[in-house]
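Take a look at the structure set out below.
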Amino acid sequence: MKTFSKFTESIIDIPRRTYAPSVFDDADTKNPKIKPSVIKMIEDQLAEFEKEYPVLKYTLIGSILTKRWRFDADLDINVLFDVPEDKQEDERVRLSKKYLSASNPDNIQGIEIAGTEHPVNYYFITDRETYDSQNGKADAVFDIKGQKFIKRPEDYTFDMNLYLKDFEKKVKEMDIVKGELKRDIIDYDELTDLKPGEIKDLQKRLGDKLNEIEKDIEDIIEIG
């Protein structure tokens with residue numbers, strides 16, 4: 001019989017008092033510094049990349065640089081390679097397939113920082129215009145080598161009333177779907193107790209009910 005895992009993910013990203021302390025030293029200040037162990041992990045990987053082409057620049061971007069981080073928030077790193085102009089796109093694709101593609105069992109994308117649930121993701125860029133554009137679109141940008149913000153996240157004021165309204169709405173939606181899921185699981189259990197011949201199209205009914213259960217779970221994930 002198919003089993004279903006428990007959902008433990010938070011419904012809403014709650015603002016925090018500090019930056020992520022498992023990633024940064026001085027996390028409770030305005031000028032956090034990436035921990036030496038994290039720096040070493042990143043620089044060791046960059047050294048591997050440089051066997052392909054020189055790395056011109058690299059920056060950390062994303063929600064990990066805000067005080068709305070989650071315990072499983074990614075460290076997203078833009079990496080600019082020094083590639084001849086006529087090879088830039090072809091080499092970007094080749095390098096991405098070699099190091100980052102999920103189809104490659106040896107890919108290094110998403111390796112977690114030791115002792116945390118924070119995965120490190122790399123994004124390969126081979127032209128300066130795209131590199132600058134991607135950094136410009138980011139909520140925040142951090143110079144890893146220089147250990148300082150290039151672009152700070154906008155200040156975020158926590159409005160408890162807005163939070164509670166959003167929270168209550170999501171809880172109501174979750175309760176409705178959880179009720180449907182519970183009923184569907186009960187129906188499925190009752191169907192599995194039947195023997196072939198006791199009910200018409202038993203296997204089809206089981207399959208349909210299992211599809212309903214999976215749809216309920218997808219709805220819960222989407223709400224969360």
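Criterion applied to I220, I150, I213 was being at pLDDT 95 or above and either β-branched (V, I, T) or not assigned by TED's automatic domain parsing to the domain that holds Q88 (or both), and the one residue passing it is I150. Within the range 50-73, the set of residues being of a type outside the set (V, I, T) and closer than 19 Å to T130 by Cα comprises Y53, P54, L56, K57, Y58, L60, G62. Of everything listed in (1) under 18 Å from the mean Cα position of the chain (by Cα); (2) free of Cβ contacts under 8 Å to residues at least 12 places away in the same chain, the single unmet condition for S103 is (1).
On the given criteria, is M41 at pLDDT below 95 and either farther than 30 Å from R94 by Cβ or assigned by TED's automatic domain parsing to the domain that holds I113 (or both)? Against the criterion (at pLDDT below 95 and either farther than 30 Å from R94 by Cβ or assigned by TED's automatic domain parsing to the domain that holds I113 (or both)), M41 does not qualify. Please go through the range 47-63 and pick out each residue that is within 22 Å of the chain's Cα centre (by Cα) and either at pLDDT below 95 or surrounded by fewer than 16 Cβ atoms within 10 Å (Cβ to Cβ) (or both). Listed by number, the residues that qualify are G62, S63. Here is the figure for the range 76-100: residues that are surrounded by fewer than 12 Cβ atoms within 10 Å (Cβ to Cβ) and farther than 19 Å from S133 by Cα total 3.
The values are calculated or read from the model by the stated rules, or taken from the named source; none is laboratory data. Everything numeric here is computed off the predicted structure, so don't read it as measured data. Ideal geometry is used to build each Cβ from the backbone, glycine not excepted, and the neighbour counts take in all protein chains shown.
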